[in-house]
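Here the structure comes first, spelled out in structure tokens, and everything after it is commentary.
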Amino acid sequence: MTSNPISPPAGHVGRPAPGSANQRPAEAPGAGAGPAPDPRRWWTLAAVATAQLMVGLDLTIMNIALPSAQRALHMSDPTRQWVITAFALCYGSLLLLGGRLTDLFGRRRGLLFGVTGFALASALGGAAGSAGILITARALQGVFGALMTPAVLASLAAAFPTPAERGKAFGVYGTVMGSSSGLGVMLGGVLTEYLDWRWCMFVNLPIAAAAGAWVLYAARPASRAPGVRVDFVGAVLAAAGMAALVFGFSRVEVDGWSAAITTGSLVSGVALLALFLVTQSRITAPLLPLRVLYDRRRAGSYLAVLSLAVGMFAALFFLTFYLQNVLHYSPVKAGLAFLPLTAGLMAGVRVVSRLLARAPVRALLGPGLLTLAAGVGLLGLLRTDSGYWSHVFPVFLLVGLGTGWVLVTANSTATLGAGRDTATAGALVMTSQQIGASLGTALLSSIAGTVAANYHRSHRGATAAAATVHGFNVASVGAAVALAVAAVAVMGVVGRPESRS
């Protein structure tokens with residue numbers, strides 16, 4: 001798994017869109033140079049980058065540790081995916097609420113609440129004696145991460161008001177987030193092999209201590225934003241709706257598609273999300289102003305990121321178990337095997353950054369999703385004796401390339417011209433990514449498990465590894481087809497270049 005390497009507000013740094021609320025009038029000759037820069041601003045950058053590093057690490061660090069945790073806590077295959085899903089689901093579904101709470105509490109309090117809560121949740125997860133406690137701890141990490149991230153971005157923007165320094169600060173922040181995915185899988189491998197999987201949770205404690213100390217030293221207290229109204233009803237409806245969908249998909253492997261608990265959960269999830277959209281259109285201070293979705297390029301960007309995450313996160317989930325349980329890689333070797341993912345992501349970021357100013361959005365999002373589809377589709381060729389360089393390496397490289405390609409385009413497009421909704425528009429990119437990760441992991445893991453079980457029953461001489469790989473094959477090909485369809489849908493939603501405003 002990978003975190004979003006480009007922070008939402010970065011797309012507007014130094015170049016606010018015409019007519020946006022962030023645009024500053026030109027200063028008259030002889031006007032003052034503005035307030036003196038905060039002498040502790042670089043310490044603030046260190047504090048918020050360190051805090052957000054915990055979130056970036058925890059998006060991937062448990063992937064490598066999951067096979068060991070599954071054995072230690074006696075988790076079933078349907079249960080194990082919740083260790084990944086619980087974090088992504090809570091983090092993604094509560095980010096918008098976290099932004100509102102940051103406005104309500106103030107960014108410094110939001111940082112301290114988020115860092116402290118994340119550390120306590122990590123301690124709980126490291127000490128977990130059962131799968132239920134570990135999954136609860138991961139969910140709490142997501143909750144406090146959703147409170148922390150908006151406070152991180154608000155603190156960073158406040159500490160660096162000048163365009164030149166703000167660009168440098170967001171560049172450092174983006175580099176930290178972009179490298180956290182690769183660092184997470186490598187660190188997870190080292191900690192799991194040489195200490196214990198529990199240290200993949202405990203490692204957050206010293207990081208949180210350092211971040212909290214720097215926040216207390218450097219972050220300036222800020223007054224609460226006046227007149228903030230928090231849409232708790234909308235937050236509950238959105239989170240409950242997504243949770244019901246994910247739970248319904250996770251029950252497919254155990255109970256089948258026709259079971260009452262499966263269909264009931266899926267129908268309830270759709271109904272709750274529909275009710276959420278209705279309430280957002282009727283209240284004065286919605287969690288999600290629906291006008292954000294009316295721009296076709298912006299809506300296409302969210303659909304692209306959602307689709308990307310569905311395929312990508314499930315593919316990486318599969319590869320974690322393929323490398324360790326089928327090819328019998330050690331945790332460290334498995335972590336190193338993920339490095340081409342980071343290399344491909346950075347290459348995708350670099351290439352598309354040069355094309356953004358010249359190419360239309362649909363010409364970037366579509367090919368990016370098709371590149372990802374090609375990588376995920378190659379998982380359909382895996383066998384129990386496949387070689388890393390011939391079969392696994394190309395998957396990581398293509399998945400990373402497509403991910404970087406789509407995320408940069410989506411972040412830039414989502415925040416362009418959003419005006420007073422810039423923060424919400426940018427946060428929705430991360431929300432789409434994490435919701436897609438939750439749905440993709442739950443759905444495709446269930447499909448893979450069901451196919452594997454059927455294959456094992458119908459092929460009596462087949463080994464468990466062969467059945468597992470066959471399940472991965474079928475689920476991955478299905479995901480690749482879905483990504484190709486999504487690429488066409490995204491290009492249709494975005495529209496032709498002439499329709500760009």
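The values are calculated or read from the model by the stated rules, or taken from the named source; none is laboratory data. None of the values given here were measured: they were computed from a predicted structure. With ideal geometry, Cβ positions are generated from the backbone for all residues, glycine too; neighbour counts draw on all protein chains shown. Just the protein is used for accessible areas: all its heavy atoms, side chains included, with ligands, DNA and RNA removed. Shrake-Rupley method; radii C 1.70, N 1.55, O 1.52, S 1.80 Å.
Numerical summary
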| item | result |
| --- | --- |
| In the stretch 367-383, residue most open to solvent (accessible area, probe 1.4 Å) [restricted to those that are under 20 Å from the mean Cα position of the chain (by Cα) and more than 9 Å from ALA480 (Cα to Cα)] | THR371 |
| Conditions (1) among the hydrophobic types (A, V, I, L, M, F, W, C); (2) at pLDDT 90 or above; (3) open to solvent by 20 Å² or more (accessible area, probe 1.4 Å); number of the one not met by PHE396 | (3) |
| ALA487 being more than 23 Å from HIS328 (Cα to Cα) and not charged (D, E, K, R) | yes |
| Filter result (assigned to a helix (DSSP H, G or I), open to solvent by less than 10 Å² (accessible area, probe 1.4 Å) and more than 25 Å from ARG198 (Cβ to Cβ)) within the stretch 103-123 | GLY110, LEU111 |
| Residue pairs meeting the criteria (Cβ under 6 Å; at least 6 apart or on separate chains; first of a type in the set (D, E, K, R), in the stretch 337-362; second crowded, with 23+ Cβ neighbours inside 10 Å) | ARG362/VAL494 |
| Test: residue in the stretch 267-276 that is farther than 27 Å from GLY417 by Cβ, crowded, with 17+ Cβ neighbours inside 10 Å and either in contact (Cβ under 8 Å) with a residue 40 or more places away in the chain or basic (Lys, Arg) (or both) | no |
| Near pairs, Cβ below 7 angstrom, 6+ apart or cross-chain, from the stretch 83-95 (open to solvent by less than 10 Å² (accessible area, probe 1.4 Å)) to any residue that is among the aromatic types (Phe, Trp, Tyr) | ILE84/PHE317 |
| Looking only at the stretch 339-354, and only at residues there that are open to solvent by less than 30 Å² (accessible area, probe 1.4 Å), of a type in the set (A, V, I, L, M, F, W, C) and within 17 Å of the chain's Cα centre (by Cα), the one that is farthest from GLY366 (Cα to Cα) | LEU341 |
| Residue within the stretch 285-292 that is under 25 Å from the mean Cα position of the chain (by Cα), of a type outside the set (S, T, N, Q), under 22 Å from ALA146 (Cβ atoms) and open to solvent by 30 Å² or more (accessible area, probe 1.4 Å) present | yes |
| Of all residues in the stretch 245-266 being over 25 Å from the mean Cα position of the chain (by Cα) and of a type in the set (Gly, Ala, Ser), the one that is most open to solvent (accessible area, probe 1.4 Å) | SER258 |
| Residue ID - surrounded by the fewest Cβ atoms within 10 Å (Cβ to Cβ), chosen from residues in the stretch 143-162 that are modelled with pLDDT under 85 and among the aliphatic types (A, V, I, L, M) | ALA158 |
| Flag if TYR329 is over 22 Å from GLY142 (Cβ atoms), surrounded by 15 or more Cβ atoms within 10 Å (Cβ to Cβ) and not aliphatic (A, V, I, L, M) | yes |
| Test: residue in the stretch 214-226 that is in a helix (DSSP H, G or I), within 25 Å of the chain's Cα centre (by Cα) and modelled with pLDDT under 90 | yes |
| In the stretch 415-436, residue modelled with the lowest pLDDT [restricted to those that are closer than 23 Å to PHE87 by Cβ and open to solvent by less than 10 Å² (accessible area, probe 1.4 Å)] | GLY426 |
